[in-house]
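Some notes on the structure that comes next.
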Amino acid sequence: MKAIKKDYVTRHNDGRHVQNERRILNDLDHPFIVRLFGTFQDPHRIFFVMEYIAGGELFSRLVKKV
């Protein structure tokens, strides 16, 4: 599960990015791309329920390497 703080999204003006990520993951069906099972939110966070892949998020790994 991926949790994104709503205040972070607001401060960084990332609302469109979160919507695009949800839409793209929802539309894709490929063995090399993590599956999105659904999304939900509470007053403070947005949650993406995804297939479990050990090792963390690819973007975070790429940022550490650069």
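The values are calculated or read from the model by the stated rules, or taken from the named source; none is laboratory data. The structure displayed is predicted, hence computed values, not measured ones. Note that we place each Cβ from the backbone using ideal geometry, even for glycine, and neighbour counts take in every protein chain shown.
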Select from region 1-31 the residues that are part of a loop (DSSP other than H, G, I, E, B) and aliphatic (A, V, I, L, M) and write down the one among them that is modelled with the highest pLDDT.
28
Residue pairs meeting the criteria (Cβ under 6 Å; at least 6 apart or on separate chains; first under 21 Å from residue 54 (Cα atoms), in region 1-25; second of a type in the set (Phe, Trp, Tyr)):
1/47; 2/48; 3/47
Matching residues in region 51-66 - criterion: being among the β-branched types (Val, Ile, Thr) and either in contact (Cβ under 8 Å) with a residue 12 or more places away in the chain or touching a Leu at 6+ places or on another chain (Cβ under 8 Å) (or both)
53
Yes or no: region 37-50 includes at least one residue that is of a type in the set (Val, Ile, Thr) and in contact with a Leu (Cβ under 8 Å, 6 or more places away or on another chain).
yes
For residue 55: the one exception among (1) out of contact with any Gly (no Cβ under 9 Å at 6 or more places or on another chain); (2) assigned to a helix (DSSP H, G or I):
(2)
So residue 34 clears everything in (1) part of a strand (DSSP E or B); (2) surrounded by 12 or more Cβ atoms within 10 Å (Cβ to Cβ); (3) of a type in the set (A, V, I, L, M) except one condition, right? Which one?
(1)
